Amino acid sequence: MTKDDADPVELLRASAGVPFTKARAMPPEVYTSPRFLDGELEHVFSKEWFCVGRASALSGAGDYVTCDLAGQPIVVLRDRDGALRAMSNVCLHRMSTLLHGRGNTRAIVCPYHAWTYNLDGSLRGAPAMTLNEGFCKSDYRLPQLRCEEWLGWVFVTLDPDAPPVRARLAEVEELIADYDMAGYHEAFFETHVWDTNWKVLAENFMESYHLPVCHAGTIGGMSRLDEMVCPEGRAAFNYHTILKDGTLPIALAHPDNSRLEGDARRTTYLLAIYPSLLITLTPGYFWYLTLHPHGVGQVRIGFGGGMARDYAEEPEAQQHFDRLKALLDDVNVEDRGCTEKVYRGLCSAFARPGHLSHLERPNYDFARYLMARIAPADRHKEAAE
Ligand code: FES
Ligand SMILES: [Fe+2]
């Protein structure tokens with residue numbers, strides 16, 4: 001069998017089935033195969049909770065954000081009653097998409113013939129429709145989707161049966177209970193597209209093994225491999241921790257913060273919430289990526305961040321944060337370089353997965369998560385029967 005006709009799901013099953021002490025990186029086909037991507041869209045992105053950003057970015061009536069989730073155009077907005085709503089972003093007339101990007105609107109006006117919807121998705125009006133006897137305005141309402149807020153994050157899902165976010169992520173909440181994550185305020189949000197598979201970028205986030213080398217021009221010198229802790233992952237997420245020194249004061253717990261003690265005051269959690277919400281949570285600030293595949297070779301990235309409530313009112317902290325944002329931009333240039341190089345390497349006929357370091361434990365857990373979602377043993381059995 002040549003590399004092109006090997007079944008990437010079977011390759012993953014074989015790769016992720018070995019114990020961590022002998023584990024290797026995932027096979028290249030898992031990243032480059034359009035067939036595997038179809039499986040991800042069907043079994044991962046159509047089933048899981050997908051994060052569209054922070055609730056504080058949708059604080060006013062009519063604030064909205066759009067996304068394409070597993071091929072479905074979706075809008076998430078704050079309605080007139082103050083509730084977050086997710087709806088299909090497809091017009092009920094001749095099916096144009098409705099809103100684009102992010103912004104604020106009083107009503108949803110279709111850019112094609114101006115059918116106009118209220119913020120609850122009901123049709124408010126449609127020009128020149130009085131002569132069609134079958135048309136009745138009240139028959140029209142944009143299909144509603146599930147949308148939940150958890151610790152300030154906004155999630156949507158296409159799956160009516162997905163367990164609630166709070167239940168799915170209860171262990172995360174417990175782990176970082178002392179961080180007051182709900183109180184972190186978003187100061188920036190950007191979107192980007194990079195030329196790499198979404199999992200390459202997700203996995204890049206899951207290990208800090210690359211910091212001293214890939215980030216030699218920025219934060220590499222401050223990174224200590226011996227201070228990285230990489231515990232076993234959980235069903236819905238993995239994480240590792242690193243320690244910050246005082247180079248950037250807002251990375252440390254605020255002097256008034258009495259919740260965190262000892263080393264916890266300088267501990268950063270790197271949380272990878274499956275499938276694709278990646279949060280760097282320090283005691284004083286956070287930044288995050290929310291990822292969605294865009295074909296096999298590109299990833300759509302939402303990139304946001306801000307400071308903890310403790311620092312919110314301090315002008316000096318704001319200056320530190322501005323410095324941090326400039327640094328993160330430089331760090332991202334380095335990550336982009338590394339992850340795009342990895343994707344080019346993965347496309348080679350000579351690409352072979354090597355063994356993982358103990359500092360790549362989260363990567364192994366991520367591979368096993370994907371296997372469980374895309375190739376669970378029972379579906380495997382059904383296919384064989
Ligand atoms: S497609 Fe939306 S108004 Fe015609
Ligand atoms: Fe990095």
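The values are calculated or read from the model by the stated rules, or taken from the named source; none is laboratory data. From a predicted model like this one, the values you see are computed outputs, not experimental measurements. FYI the Cβ positions are ideal-geometry reconstructions off the backbone, even for glycines, and counts take in every protein chain you see. For accessibility, only protein heavy atoms count, side chains too; no ligands or nucleic acids. Shrake-Rupley method; radii C 1.70, N 1.55, O 1.52, S 1.80 Å.
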(request) Return yes when THR218 is over 23 Å from LEU356 (Cβ atoms) and within 13 Å of ligand 2 (Cβ to nearest atom) and no when it is not. (result) yes
(request) Please go through the stretch 99-139 and pick out each residue that is over 20 Å from SER56 (Cα atoms) and in a strand (DSSP E or B). (result) ILE108, VAL109, THR116, TYR117, SER122, LEU123, ARG124, GLY125
(message) Being part of a helix (DSSP H, G or I) and within 26 Å of GLU173 (Cα to Cα) is true for just one of ASN332, ASN363. Which residue is that?
(response) ASN363
(request) Any chance you could count how many residues in the stretch 282-316 are of a type in the set (A, V, I, L, M, F, W, C) and either surrounded by fewer than 23 Cβ atoms within 10 Å (Cβ to Cβ) or over 19 Å from ALA55 (Cβ atoms) (or both)? (result) 7
(message) Suppose we filter the stretch 123-138 for residues that are within 35 Å of the chain's Cα centre (by Cα) and either aliphatic (A, V, I, L, M) or exposed (fewer than 13 other Cβ atoms within 10 Å of the Cβ) (or both); how many remain?
(response) 1
(request) Can you work out which of the residues in the stretch 180-196 that are open to solvent by less than 10 Å² (accessible area, probe 1.4 Å) and more than 16 Å from ligand 2 (Cβ to nearest atom) is farthest from VAL65 (Cα to Cα)? (result) MET181
(message) open to solvent by less than 20 Å² (accessible area, probe 1.4 Å) and not aromatic (Phe, Trp, Tyr): is that true of VAL200 in this structure?
(response) yes
